[in-house]
1. So which of Tyr68, Tyr27 ends up being open to solvent by 30 Å² or more (accessible area, probe 1.4 Å), over 18 Å from Glu101 (Cβ atoms) and at pLDDT 95 or above?
2. Just to be sure I understand, how many residues within region 86-102 are in contact (Cβ under 8 Å) with a residue 24 or more places away in the chain and more than 18 Å from Ser38 (Cβ to Cβ)?
3. Give the residues of region 70-99 that are under 12 Å from the mean Cα position of the chain (by Cα) and aliphatic (A, V, I, L, M), sorted by residue number.
4. Would you check which residues across region 13-24 are among the acidic types (Asp, Glu) and open to solvent by 40 Å² or more (accessible area, probe 1.4 Å) and list them?
5. Just checking, which of Ala10, Ala53, Ala40, Ala61 is modelled with pLDDT under 95, buried (at least 18 other Cβ atoms within 10 Å of the Cβ) and either closer than 20 Å to Ile96 by Cα or under 15 Å from the mean Cα position of the chain (by Cα) (or both)?
Amino acid sequence: MKKEKKNVSANIILCDDIKQRELNKKYRKLDRTTDVLSFAWNEPELLGEIYIAKGQVKKQAPLYGNTYYKELKRVLIHGLLHLCGYEHRNKNERKIMRERELLFLI
């Protein structure tokens, strides 16, 4: 968070894939499980909440050549970047977000 010049905290919630799918359907209208969802609060001391689907992270870790814990770290960083205002709706945004992920993974 210091690299993003944010001096606030975020709540991190580890949940199962079913809960994550319910949240994804309710808030994004997508009826599928996703690895991470971020909800901005934009309060003075709390940037927001990050929900991480443990099962999905475990399934996708090998696809990224990661261990479970490295993939967990990657999706946590991804969620934090969303709370900092980063998106990945187009090729340029995806490139920037991926670069930031890699910077924080080091």
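The values are calculated or read from the model by the stated rules, or taken from the named source; none is laboratory data. Only a predicted model underlies this, so the values are computations on that prediction, with no experimental measurement involved. FYI the Cβ positions are ideal-geometry reconstructions off the backbone, even for glycines, and counts take in every protein chain you see. The area values use the complete protein model at the heavy-atom level, side chains included, leaving out ligands, DNA and RNA. Shrake-Rupley method; radii C 1.70, N 1.55, O 1.52, S 1.80 Å.
1. On the way: Tyr68 fails: over 18 Å from Glu101 (Cβ atoms).
Only one candidate qualifies: Tyr27.
2. 0
3. Scanning region 70-99 gives Leu72, Val75, Leu76, Ile77, Leu80, Leu81, Leu83, Met97.
4. Across region 13-24, the qualifying residues are Asp16, Glu22.
5. Testing whether each residue is modelled with pLDDT under 95, buried (at least 18 other Cβ atoms within 10 Å of the Cβ) and either closer than 20 Å to Ile96 by Cα or under 15 Å from the mean Cα position of the chain (by Cα) (or both) leaves just Ala10.
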